[in-house]
Every structure is written in structure tokens, then in C-alpha cells.
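A quick write-up on the structure given underneath.
The values are calculated or read from the model by the stated rules, or taken from the named source; none is laboratory data. Keep in mind the model is a prediction, meaning the values are calculated, not measured. Don't worry about glycine lacking a Cβ; one is built from the backbone with ideal geometry, like all the others, and counts go over all protein chains shown. All accessible areas refer to the heavy atoms of the entire protein, side chains included, with ligands and DNA or RNA removed. Shrake-Rupley method; radii C 1.70, N 1.55, O 1.52, S 1.80 Å.
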Number of protein chains: 4
Amino acid sequence: AIMPYTPITGLVAAVYTPFDEQLALDTSVVVKQAAYLNATGVHHVLVAGTTGESVKLTVAERKQLAEAWAAVAPTYGINLFIHVGANAMADAQELARHAASIKAAGLVAMSSTYFRPSSVDALVSQLADIFGAAPLLPAWYYHIPSMTGDNYFRGFDMHALLVADITDGETSLPTLRPRIPNLVGIKFTDYDLYTFKRCIDFNGGEFNLLYGRDEQLLGAAAMGAEGAVGSTYNFAGVWGNAVFAEFKSGNISKAREYQRSIVNLVAIYGKAEYAGTDPGKEIMNQLGVPVGPPRGPAKPMTADQITQLRADMKAVGLIPVA
Amino acid sequence: AIMPYTPITGLVAAVYTPFDEQLALDTSVVVKQAAYLNATGVHHVLVAGTTGESVKLTVAERKQLAEAWAAVAPTYGINLFIHVGANAMADAQELARHAASIKAAGLVAMSSTYFRPSSVDALVSQLADIFGAAPLLPAWYYHIPSMTGDNYFRGFDMHALLVADITDGETSLPTLRPRIPNLVGIKFTDYDLYTFKRCIDFNGGEFNLLYGRDEQLLGAAAMGAEGAVGSTYNFAGVWGNAVFAEFKSGNISKAREYQRSIVNLVAIYGKAEYAGTDPGKEIMNQLGVPVGPPRGPAKPMTADQITQLRADMKAVGLIPVA
Amino acid sequence: AIMPYTPITGLVAAVYTPFDEQLALDTSVVVKQAAYLNATGVHHVLVAGTTGESVKLTVAERKQLAEAWAAVAPTYGINLFIHVGANAMADAQELARHAASIKAAGLVAMSSTYFRPSSVDALVSQLADIFGAAPLLPAWYYHIPSMTGDNYFRGFDMHALLVADITDGETSLPTLRPRIPNLVGIKFTDYDLYTFKRCIDFNGGEFNLLYGRDEQLLGAAAMGAEGAVGSTYNFAGVWGNAVFAEFKSGNISKAREYQRSIVNLVAIYGKAEYAGTDPGKEIMNQLGVPVGPPRGPAKPMTADQITQLRADMKAVGLIPVA
Amino acid sequence: AIMPYTPITGLVAAVYTPFDEQLALDTSVVVKQAAYLNATGVHHVLVAGTTGESVKLTVAERKQLAEAWAAVAPTYGINLFIHVGANAMADAQELARHAASIKAAGLVAMSSTYFRPSSVDALVSQLADIFGAAPLLPAWYYHIPSMTGDNYFRGFDMHALLVADITDGETSLPTLRPRIPNLVGIKFTDYDLYTFKRCIDFNGGEFNLLYGRDEQLLGAAAMGAEGAVGSTYNFAGVWGNAVFAEFKSGNISKAREYQRSIVNLVAIYGKAEYAGTDPGKEIMNQLGVPVGPPRGPAKPMTADQITQLRADMKAVGLIPVA
């Protein structure tokens, strides 16, 4: 049996980490982020995930940032989830314990990214080490093969393995479950909705799946997603919420229109002329929430790029604050 | 302006190529395949695609097979699409001319797979060469990066490029369109519904998109797919049709159930114990349509594997013919 | 026991396939290629390999080309090896039989490239099918993962498997050997000299290894290579021969100088401004051996590119014919 | 002009990090490692590189380990190089400053591995940030695409770019050099000796290249390597030294024999039955230098695996201490 917890539904903003112009952490911006999310109907945040530049932060900074969110979250009706993944297990465990100490609502962790687990057993051992450090918090495993190389150059699909034996009745996770009693779900950041659905349907729906590719949210919703986490929900939560709402109301053509807006947004991220920058973070700046530049190896946008970005934002319907 | 043609909607079976036990082409089976498809509500076929073992056939065999389908298609109300992709352009062109001569309804072609196009311009030149050989037939470009390595080890995403400049109003395809007047659509075999939707929405919906990952058909339908091509529609067209129909009727939970059946089916394909075989082709055999073994490098299933396969089929609800 | 044959030592030119301006096969150029090779001390050719645009040719063209080489080879003291790999086994077998009929010295074959073997057993079955069609000719397996995707996106290293169990005395190939009696060696086109050396040392040196990365020939020679096949030996065989000769004479610094010339040559191939063209083939044209343009998807060089190429050739010490 | 420094020649052991059975850092073993290296003729160490489980250690542990080596290095005639690469630049900079404070001989750093630089400019900015923190220490950039995914799924070859414009005289690094005045070389861990040679020859031999694939050291030596860093030099430095020495003396066949021993050793690492473990680290244990088990996600070897490993060691000529 799984631990009691509240499954996440709706949108989770993978919040940007605010830096000043010298790239120092600037937690004074967090309250503005919280207010913006509240105003756009987003009630969950994931702190220091990939969008939040996770491992570019030191352990001390990650704690400081989590504390800043803990301080403002209740005021803005926000549930606080902390990403604690790290390459050094001692760091991940320290972050997990810290998340518990500040009363976070839950943990999210990718496994180590430089030395990757090479089997389900190795993955489970690692998650047991991390999540075992905060055993009373519900925890989500973070699958993001575009960053870790799983599925691609590492020749390894962690989730296909996790769910490998559904069809013939031999399940692997039940065997493993006792080793991670607080594992309740998966943050699934990949286009593959086949594996996603296998995870959703696993063991009668035991897991809480959070879908991580905003640009095909509607497809995931049709396949069964009820929660989603992503970067566009920082500033376009209204659209993400509308995709879910219109889909549930059966207004597919409306849902597609909102989805198209998100698609157009993500297409901006991918423009060749913005290569090496973080357009989403700059969009936040332009919308009046000064999260600042990204740390390296990403570069801040040039003035010319920002001019173009404002035009792109206008074209997709994101109106910058004057 | 695009040439007049009838867009494909609903399911296209990527038909298996029937071989006898000595792996010789056995066109006598084609009529049984046609009857089976007709009985399960599938009214389009793609001949000699990837499922049909395409380039394992000689050019002479591909023509012979196409002719066999042309002979039975009208009787069974089947529209005939011929895959003509090949590494030698002269072969592809010959196959395209042949498809026209037998009154096929349309052409499908992947570009060359050993020497890959390395730019959109090179791709378009190649498609112009192929499709130009049968200029009165509507034609679909075939995108299948899991086989060609595009998106992965080749570091190149053909479709992202095709649609690269939608957002800012600079479109690339309109410039290219005059070079391939009979290009009407794309057979899109990838999980990435973001790029898929960009193709659907391209130029106000100019292209006819056929979705090629049966295992996430429902997600694609939500994003806007109205046609699909795949291997499971050879024997489980009823399920694929039901996914589309229930989705359109707003019965999402019903649609998910049918999708789950397809997911379970595709999970059989991927079972480690069947590695190196072609489980889908053997399913056809077990269902009473004797398409025979696959050619190498795939292996026929052993007796033990077939016993297990029959149990797997039963578990997912595919009842073998006694 | 292996069949009696003469191991290949020294350079094998992977010859360019001559086309006229309309991209039709022009076998009249073959005699000029043969004379050029003879004059530069190259005494083996591989016809219709990757450099020779292999699968861009139809089966009929591949035969015609092989016959053209057979006609001139004796006059110029050239040993003739024919690449017969194809996706359709019937085509590969026909080409193998044809090679025997024209008295080629040997066969080379890559396995199928679209549908890849997924195990050593599948590979061996396929090679047995191909090489069994010309059982009296010695045969070399062609390993080129940069083109087939093995080692990379396919997560599969055929050669590591072939030699997987050397250390602990369990050899896999001896078991397999009876299935391909005429397999005598491997054309090894990869940077990995570790696997290369394992192949060289396999079973006491049973295999004849041909090294295929001209740009690190000296490294391969040190590891034990005595034969090599590549594109630069079409026009810079003098340098390749000198690398081998100086190395054998113990003049390492001289050998490095010649190797550096080949490195500089290959660096031309990789220049971004030549992307999508075939600079090596154009170098041949500039040197007075009119092999013509490449077939698509490669593009002919523009006049500007050719001007630049002539400057590049001069910089590395390849003097164009006036 | 480059800063004054002593180029590294000969072998650098990428030393294992000693842990006790509870996986706590056990610096008491360092002196035994140093003595073993001294006895086998290895006079340089790289601390906390990939072999040393780098980012599995916390920043505090990395400092503690570096200090332990600094304490014993002079006694054993060992030059101390510290790997300082990390995902958080503040961590890398702190480690660089610490390395300077303990009088290390030099720095080595990979760039960030989760968020990768996507251009040469981004890489150089990052190296400038790291190496600028200890500007008086000579520094080597660490290229290891098999771990970072460069060259493979990331579609990006950092070194090919670094040296991209050699041929035509436009060099990129000279422009960049002023930004990293203490960059003196590259630790090059890849099979590609073509790019390796381009780096060696860059700007007349300005860089000190350390070759990182022990299993093809002889090939690299032929191409010009005079220094090497790797894991096998922890316990088989005698062989690595002999490869260099015999090669320099012109005894190629002797050099090949020693290289073959290293090949056989590395083949043990790759045995399927040891997947998920760290055989090299266990070899050290068996040889009487108790560096202990690896941290996760690697697993300690089982008793059965160790029994097999001892047999493998014997087969390749590594005699365990009784």
C-alpha cells in the first residue's frame, strides 16, 4: 500500500531561479513569482528543477531558495515541491532532509546524471537512498531523457524497464516498492506517451503522473494526464489551465487553440537565433517578474535578441508589461 | 495551390508482405489480407512500408506485390498507397511510375536512408526527384526517425526544419512547394506531437498528416490527427477505429480503454523474449492470415515463442483462430 | 581452418564512381582512375563502397561498374574487390555471384542498413546468406558504425560482440565460423582501435583487418594494421603508402608528417562551408580524373566552393592539374 | 604566449577514491596508493577524476581528499593534479582555489555536464570562470564525450570546433586564448585520434595533450602522445610505461605485446557479467590496495564476481596479492 498523500492535479510551475545582474541568488523576487502564479491560477511549484537551473546552484543556495519559497507559499496558496536530485548522494539526502524541515509538500528527484544507473535495480537503490532521507514526504521520480541521455546515447530506457512486465502479469515495481515506501509518482518529461500511459495504468493507477512536455499537454491529457509540470506555466498558466479545462468540458477545438498557443511559445524557445540563451527566463523578465539572466553556460540575451523576443511574444499573444 | 486529392482519414494498414516458408514472395495471400481488413473496417493500405519489409524486397518484387494489391483492392473497397522509397533514386522513380501505371491512389516515400539528406534543401530535391516521376499522384513524405537516425545520432530533425519558421512568419515550405507540386502530406512516425502539431497547423492546415505511432493514437487524435497508419491496423483495426470514434463522440474513457488495448499489443512487440523476431507478423499468422515468417535479419519465432505469443494475445484480447 | 587466400596488405582505394553531368554512370573514366592509382602505388580497389556511392546505384549499374573495373584491372596491376552489400538479400547475392563471374579477387559486404541485425547470430546468418552466394571468393565484413548507427543510436556494437569473449577463453566466432567458411577479414571503419586490436588478435591473428579511417592510419599501423581502405587513397595514395613505409622503417617523425597531410586533407572534407557536398570527389576532378559530381542527396560544388577547394588543396600540398 | 609550466609526459594515474565499507571517505588508504604508484613508476596523479568518482563526492570530501594527496605526494615523488569540474561554477571555483592553496601542480576540469555548453564560446566562458579562480596554476580541459554525450546524442563535438579552422589558417583559439591564460592542455578521452592529432598540432604544438584511452595508448603514441592519463595506470603502470618505452626504442612488436595486456585488462572492465560494478576498483583491492567498493549507482562486486575477477586477472597476468 502506498503512503497517504494528495495526488497532484493541474499545473505545477517549474519556477525560474531569480538571479541579480551579477548572477547572485536574489530571493527577494520569489514573492513576485508567487503572486504572479497565484494570479494566473497556478497552485503548485517545483523549486530548483531543470527550469530552475537545479545543479547550477550550490547546496547552500538550494536551501536558501527553498526557504524563500516556504516563506511565501502559504500566503499565495501554493504547494511547495522541492527538487533534490544531485550527483553526490550526500547532497541529495541533505536537500531531502531540508525539504522536510521546511514543511515542503513533497520531493522530486532525478537520479545522478554523470554516473547514470545502468539498471532498474541501481535506480531503485539510488531513489531509496534519496527519498529515504525524508520518509514522510511523498516523492516523485524525475524522468528527463533529453537531458540525461537515457533512451538515446546511453541505450537505456528506465521507464520502459520500470513497467516492462505489465502485459504478462509479472510486475517489477511491486517487488521494488517496499524499498521506496514514499515513492508516489513520476515527473515524466518525454514525448513518448506510450510509456507514459503504461506508467499511468501501472498497477491499477497506483502512480501519480506529472506530464512534462507542455507543448503536447493536450495529447497527454487525452491519454490520461491530470497533472503537469513545466516552464511555460510560469507565465502562461492560463493557457495550460485552459487546455485541461476545455478538454474536460469536451471542447476539443478550443483546447487545441490553447495548445497551439503553447506550441507557438515553445517554438520561440527553439529559434536558432536564440541558441545558447534561455528565452523563457527572459520572457518572465519582460512580463515584469525580474528573475534576471541565466547562469552559464547559458548566456543572457542581447538587446537585439530582446527586441526580437518582444515581437515574438506579441505574435503569440503574450503582452509584455510596458 | 495544392493539387486536388482526397485527404486520407481513418486508418491505413501498413500491410505485411506475405512470404512462404522459403521466404519467397507469396502474393496469393493478399486477397486474404484484403478481406480481413475489409471485415475490420480498414479501407486504406500502405504497401511495402517498414511493416511490409520495404527494402528487403527487390524492385521486381515490390512491383509484383503492388500489382497483387491493385488486383484485389477494388473488390474490397480498399484505397491503395504504395511506398516507393529506396536508396537508389532510379529505383524509387521506377516504383513511382509503376504505382501510377497500376492506378494507385497515392505515393509514400521516405528519403534515402544510407546516405541521408543533410538539409531541407537536399530533402526537397530528393522528394522532387521521386515524386516528380509520378506527378499526377498525391504524395506523402515518410518521417520515421527511429529507423533513419534523424533526431538522434545524426543530429538532425527534418521536420523541425520543415516547419522551423512558422512563428515569425517566415515559412520555408511555400518557397519549396513549387518544386514538389504533388506533395500533399506527411506520414509522421514519431512520438513528438509538438512537431506533429506544427505540421498539422502549417500554412492553415495545408498538409494531410498521417500519424504513425499506434500506441499513442489517442494523444495524436487530441492534437488533431484524423488519419493514421500503422502495423496494428492489420489485425486490430477495430480498436484503432474505436479510438477515433469514441474520441469524436466525446467518450474519452472509452477511447482510453481501446487505446490501452493497443498499448498492451505494442508492449508484446517489445518483450525482451521476442527480440530479433517480428511478433506482429506472427500475430497475423495466428489470426488465420498466413503472411508467413519475416525475412532476415529478423528471425521466425520458435515454437516456444509462438506458444507464449498465443498466451499474450489472449491476455490482451486478440483471439487466435483455432 | 580458413580458406586459402592472399591477405590484403597496403592500400585499397575505395574508388569513386564516375558519373557524367546528368549523373549517368560513365564507365569510360575507370581506366583513368586505374592509371592514376597505378601511378601512385595503389594496387587494390574496392568498387561501390561508401565512397563509391554504393546503394545510390541500381543493381544493374553496380554490375556494369564492376565489369568496367574487371576489364582494366589486370592492365594496371590492380586487385579487384567488390562491395556487394544491399538491403535486399537477393540483390546482395546476385552481386556476389556476379563478382565471382568476373573473377574479382574478393567480396566486401556491410550488412543490411535499414533493418539492422540485432544480434551476432542475426549478423552471421546474413553474412552467411550473402557470402555463401560466392563461396570460392574470400570475403570481408564491413563495419562502419558512423553510417549504420551501430555503437550510437542503435545501442549495439557488433564488433565488441564478435570478440566479446576473448579474455576468458570463450570465443564466439569459432562457433560461428563453419557458417561462413569464406569470411577472412573485416573492413573496420571506426576510430576505436581497442576493438580493432581485439579483432586483429582474435584467434591468433586469424582475420585480415583493413583499417578504414585514413585520418588515423598511423595509430592503426602502430596497433597492428597492415592493410587499409579509404577514400584519400584515390588521390593521395603516396601519403598513405609513406605512412606505412616510414612507420615500418622506424622513422616515426616522418610518418607523422605524412599522417598530418592526410589529417589536413580530411579536415577539408569536414569544413562547414562544404556541408552537403562531396569534397573528395571534387578533388579527383580537380586533379584531372573526371569522376564528375556526386548523386543526391549530395550536391555538386558551386563554382565558389571549387575556387575555395583549389586553395585548400594547395594549402595541404595537393596540386591541381592546370 | 602561454604561461610557463612543465608539460606532463608519461603516465598520470586517475586515482581511485578510497571508501570504507560504509562508503565513507577513507583517506588513510592514500599513502598506500602513493607507494604503489611510486613502486610501479607512475609519478603523476589526477585526483577525483571520473575514475575517482568525482561528482559522487561532496565539495568538502573533494577538498579532504586533495589534502590527503598533498600530504603524501612529495614523499613519493608524485605530482598532484586536481580535477575541479562541477555543475555549480561556485563549487568548481572553490575547488580550484583550494587546489592552489594546497600547492597542487595543476588543475583539470570538465565543463558542466547536466547543462552543457552549446558553443565554443560558452565553453571558453565557463573554463575562464573555473580556471580564472586559480590563475597561477596550469590547467587542462577535460574532454570525455562518452560521459557527457558530446559527439553523440548532443550532436556536438567540442574539440572539432576548437580546432575547426586550422586548415585554412583561421584559428579560433588564439582569439580565445586571452580569456584563459592558464589553459595549457587537454585531457583527451576519446578514440578519435584524428581530432587528437589536430589538437596536438594546433598552433605549432602549443597544447600539452594527455591521452585518456589506455586501451589504444600505442596508437596515440604513434600519433604523437607523450602523456597519458587513465585508470589502468593505478595498477598496471608498468605496462603503460613499457608501451611508451618500447615504442620510443622502436620495438614495436614488444610495445604491441604490452598494449595487448592493457587491452585484455580493459576487456575485463567490459564483461557483461560485471555490468553495473567497477571491476578496476576491485582489481586494486585484490592487488592489496584497499580502495574499497564504489559508491552508487555502481554496485560492489559479489563474492562470485570476485572469484571470477581473480581468474580474469590471472589470465591477463595481474597477480593478486595472496
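Peptides A:130-139, D:244-253, ordered by how many other C-beta atoms sit within 10 Å of their residues on average, highest first, read A:130-139, D:244-253. So for the protein assembly as shown, considering every pair of alpha-carbon atoms, how many percent are separated by more than 41 Å? Roughly 49 percent, once rounded to a whole number.
Computed over the range A:1-107, the alpha-carbon pair-distance distribution with 5 angstrom bins reads 2, 13, 24, 25, 19, 11, 4, 1, 0, 0, each value a whole percent.
Distances between copies of residue A:179, taken at a point 7 Å out from Cα along the Cα→Cβ vector and listed shortest first: 3.6, 4.4, 5.4 nm. For residue D:201, the shell of other residues with beta-carbons less than 10 Å away shows a net charge of +3, using +1 for Lys and Arg and -1 for Asp and Glu. Counting only other chain Cβ atoms within 10 Å of each residue's Cβ, the peptide D:212-221 averages 6.
Solvent-accessible surface of chain D, averaged per residue with a 1.4 angstrom probe and all protein chains in place: 33 square angstrom.
Each label point was placed 7 Å from the Cα along the Cα-to-Cβ direction; for residue D:272 and residue B:38 their separation is 4.8 nm.
What shape does the range D:1-41 have by the C-alpha gyration tensor, where a ≥ b ≥ c are the square roots of the eigenvalues, rounded means a/c under 1.5, and otherwise prolate means a/b greater than b/c and oblate the rest? Since a/c reaches 1.5 and a/b is larger than b/c, the shape of the range D:1-41 is classed as prolate. A prolate overall shape is assigned to the range C:40-159, the ratio a/c of its alpha-carbon gyration tensor axes (a ≥ b ≥ c) being 1.5 or greater and a/b exceeding b/c.
The modelled label-to-label distance for the pair residue B:103/residue C:314, using points 7 Å beyond Cα in the direction of Cβ, is 6.4 nm.
The other copies place their residue C:32 label points at 5.7, 7.0, 7.1 nm from this one, listed shortest first, where each point is 7 Å from Cα along Cα→Cβ.
Between the range A:95-138 and the range B:194-251, what is the C-alpha centre distance in whole Å? Going from one Cα centre to the other spans 38 Å. Overall, the range C:1-112 carries a charge dipole of about 320 debye about its Cα centre when +1 sits on the Cβ of Lys and Arg and -1 on the Cβ of Asp and Glu, all other atoms neutral.
Based on C-alpha pairs under 8 angstrom that are at least 6 apart in sequence, chain A has a relative contact order of 19 percent.
Expressed as a whole percent, how much of the Cα-Cα distance distribution for the range D:201-242 exceeds 16 Å? Counting every Cα pair in the range D:201-242, those more than 16 Å apart make up 34 percent. Sorted shortest first, the distances from the residue D:74 label point to those of the same residue in the other copies are 5.7, 8.0, 9.8 nm; each point sits 7 Å from Cα along Cα-to-Cβ. Volume of the convex hull of the range C:246-310 (Cα atoms only), normalised per residue: 107 Å³. Each Lys and Arg adds +1 at its Cβ and each Asp and Glu adds -1 at its Cβ; summed about the Cα centre, the range B:209-265 shows a dipole of about 100 debye.
Note on the protein assembly as shown: antiparallel DSSP beta bridges, both residues inside, total approximately 5 percent of the bridges counted. Between A:264, A:284, A:244, the Cα set farthest toward the positive side of the dipole of the range A:242-290 (charges on each charged residue's Cβ, about the Cα centre) is that of A:244. Taking only the Cα atoms of chain B, the radius of gyration and Dmax are 18.9, 59 Å. Reported value for the range C:200-322: 121 Å³ per residue, from the convex hull of its C-alpha atoms. Accessible area per residue (1.4 Å probe, heavy atoms of protein chains only) ranks D:273, C:257 as C:257, D:273, with the largest value leading.
Helix-only arithmetic for chain D: the sum of -39500 (n - 2.57) across DSSP H runs with n ≥ 4, divided by the residue total, places the mean residue ellipticity at 222 nm at -12000 deg cm²/dmol. So if I take the centroid of the Cα atoms in the range C:10-54 and the same for the range A:254-273, what is the distance between those two points in Å? That distance is 50 Å.
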